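Any read-out appearing in this document is the output of simple, stated calculations on the displayed coordinates, not a laboratory observation. Fair warning: this is a prediction, and the values are worked out from it, not measured in the lab. Glycine also receives a Cβ, built like all others from the backbone with ideal geometry; neighbour counts cover every protein chain displayed.
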Amino acid sequence: MIRSAIEVMHNSYSPYSKFKVGAAALLKDGTIITGTNVENASYGLSMCAERVCLFTIYAKGYRKNDIISFCIAGKQITYPCGACRQVMVELLNPDTMVILTDEKLNTKEMQVKDLLPNSFKLEG
């Protein structure tokens, strides 16, 4: 999964920021689903790697209980933006492991619940 996130990072379409990010999720059935960031001249229309990956997972019919772990790769260890953190809180289980990695395979691990304390949630 970590190598998949690094590999897909190189498919990024980021001509404006030059900031390539890859994401990958390991599912219970062994499937790995990836996503990368795609920019647009109108920045608001850009999409982060984390959301591309998660939305693909859901589009394929998987749900949060199918996801074992989630990885975000960058040239250096990169944390998800606020929008991605909010989406991750909703679409992943709180105890899902999130691995942040760089191209040299240095890693940092945390759980989804640690990404956005006091997040906006559907349930109380």
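Structure above, values below:
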read-out	value
log₁₀ of I(q)/I(0) at q = 0.14, 0.24, 0.28 Å⁻¹ - segment 69-108, Debye sum with one point per alpha carbon	-0.31, -0.79, -0.95
Most mobile listed residue (PRO15, PRO94, PRO80) in the chain, GNM with C-alpha springs under 10 Å	PRO15
Top of LEU26, LEU105, LEU45 by mean-square fluctuation, Gaussian network on the chain, Cα under 10 Å	LEU45
Distance histogram for the chain (every C-alpha pair counted, 5 angstrom bins, percent rounded to whole numbers)	2, 12, 23, 25, 20, 12, 5, 1, 0
Simple label model, 7 Å out from Cα along Cβ direction - MET110 to LYS18, nm	2.8
In segment 62-124, the trypsin sites (Lys or Arg not before Pro) that fall in loop regions by DSSP, at most 13 other Cβ within 10 Å	ARG63, LYS104, LYS121
Set LYS20/LYS121; LYS18/LYS64; LYS20/LYS108; LYS18/LYS121 screened for pairs whose C-alpha atoms are more than 26 Å apart	LYS20/LYS121; LYS18/LYS64; LYS18/LYS121
Relative contact order of segment 2-114, pairs being alpha-carbon contacts under 8 Å that are 6 or more residues apart, as %	24
Highest-MSF residue in the chain out of GLY61, GLY22, GLY30 [GNM, Cα springs under 10 Å]	GLY61
Value of Rg/Rh across segment 17-86 [Cα atoms, Kirkwood radius]	0.98
